[in-house]
């Protein structure tokens with residue numbers, strides 16, 4: 001702002017000096033000059049002041065030129081008295097012309113500034129559009145790469161089941177022949193089969209192609225089935241179960257097998273990370289239109305690096321264990337969302353971790369006979 005004011009002051013000083021110098025030169029030769037000559041010189045000065053300094057400076061210079069014209073070049077000289085009425089026409093014509101010149105240059109400046117503003121806006125819009133197009137192109141490329149990756153993984157996980165079946169058959173033949181290595185081969189084949197199934201399911205979930213049989217299912221049935229499967233995998237694990245006493249008959253709107261899969265995954269994770277001799281907890285309660293399954297352990301908790309990527313595919317960390325594939329929680333998270341629910345976690349008071357599986361309540365009314 002100060003720079004603009006200094007610039008305007010400089011232009012004002014310059015044109016006032018020019019006007020004074022021109023007036024002095026004209027007065028020196030006043031006897032041989034016609035009024036038209038003075039008018040032309042002053043008009044050029046007013047035009048220059050308006051063009052460089054703006055409308056205000058043009059008006060000031062034109063007013064000074066008007067007074068100088070009257071004072072120095074209209075008889076009687078050196079007074080502001082106008083003796084010849086025709087001289088008023090000259091003064092009036094000069095004043096109007098000077099005023100219109102200032103207005104014209106002001107309008108031109110205004111239109112030029114508006115044109116520049118619009119040009120800048122158009123350039124900004126064009127730049128933003130180019131940026132959006134570039135981002136869109138990058139997003140399309142990333143999406144295409146992700147789809148290609150999912151398709152390759154799905155194809156591999158599907159095709160790999162045939163050799164796994166053959167491996168199992170060979171292991172069975174070895175077991176019948178008394179080869180002790182057969183049990184280990186079968187266990188690794190089962191592990192590889194589960195991995196292939198998880199990869200295939202993850203690709204289906206991300207593509208929205210997983211078919212779910214969502215219907216009312218009793219919570220006690222889900223909990224009982226989950227505890228039965230956990231006992232087979234973790235026979236020494238103790239689970240403290242707390243059901244909602246306010247709602248003894250509680251149903252969720254969910255796919256039974258896939259919800260069971262999520263619960264078993266959460267219970268198995270808790271069992272693997274809970275200190276020896278400490279039970280894990282499974283609490284179920286209704287909260288409005290949701291049923292919340294809380295699975296808690298007294299393990300070491302989740303480091304910050306693991307927290308940020310907990311539900312991402314193939315994410316593993318010290319707290320999550322390094323023996324798995326990093327797909328269980330990712331699949332569980334997506335299965336919960338696909339059923340209109342959510343899977344989250346919170347640090348447990350006193351140490352450990354609590355996973356919260358929330359699913360929609362199914363209102364089932366018993367019929368009275």
Which listed residue, of 22, 97, 92, is out of contact with any helix residue (DSSP H, G or I) (no Cβ under 6 Å at 6 or more places or on another chain), closer than 26 Å to residue 10 by Cα and in the same structural domain as residue 9 (by TED's automatic domain parsing): 97
Selection within the stretch 68-101 - exposed (fewer than 12 other Cβ atoms within 10 Å of the Cβ), closer than 16 Å to residue 36 by Cα and at pLDDT 80 or above: 75
Unique residue being part of a strand (DSSP E or B) and more than 35 Å from the chain's Cα centre (by Cα) when the list is 282, 249, 222: 282
Among (1) modelled with pLDDT of 75 or more; (2) in contact with a helix residue (DSSP H, G or I) (Cβ under 6 Å, 6 or more places away or on another chain); (3) part of a helix (DSSP H, G or I), the one test that residue 140 misses: (2)
Where a residue in the stretch 330-350 is free of Cβ contacts under 8 Å to residues at least 12 places away in the same chain and its partner, wherever it lies, is surrounded by 17 or more Cβ atoms within 10 Å (Cβ to Cβ), with Cβ under 6 Å and at least six apart: 346/354
So residue 230, is it surrounded by 12 or more Cβ atoms within 10 Å (Cβ to Cβ) and touching a strand residue (DSSP E or B) at 6+ places or on another chain (Cβ under 8 Å): yes
Selection count where residues are surrounded by 12 or more Cβ atoms within 10 Å (Cβ to Cβ) and either part of a loop (DSSP other than H, G, I, E, B) or at pLDDT below 85 (or both), scope the stretch 200-219: 10
Qualifying residue in the stretch 264-277 (condition: over 30 Å from residue 349 (Cβ atoms), out of contact with any helix residue (DSSP H, G or I) (no Cβ under 9 Å at 6 or more places or on another chain) and either modelled with pLDDT of 90 or more or not assigned by TED's automatic domain parsing to the domain that holds residue 345 (or both)): no
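The values are calculated or read from the model by the stated rules, or taken from the named source; none is laboratory data. All values reported here derive from a predicted model rather than from experimental measurement. In this analysis, Cβ positions are derived from the backbone assuming ideal geometry, glycine residues included, and neighbour counts consider all displayed protein chains.
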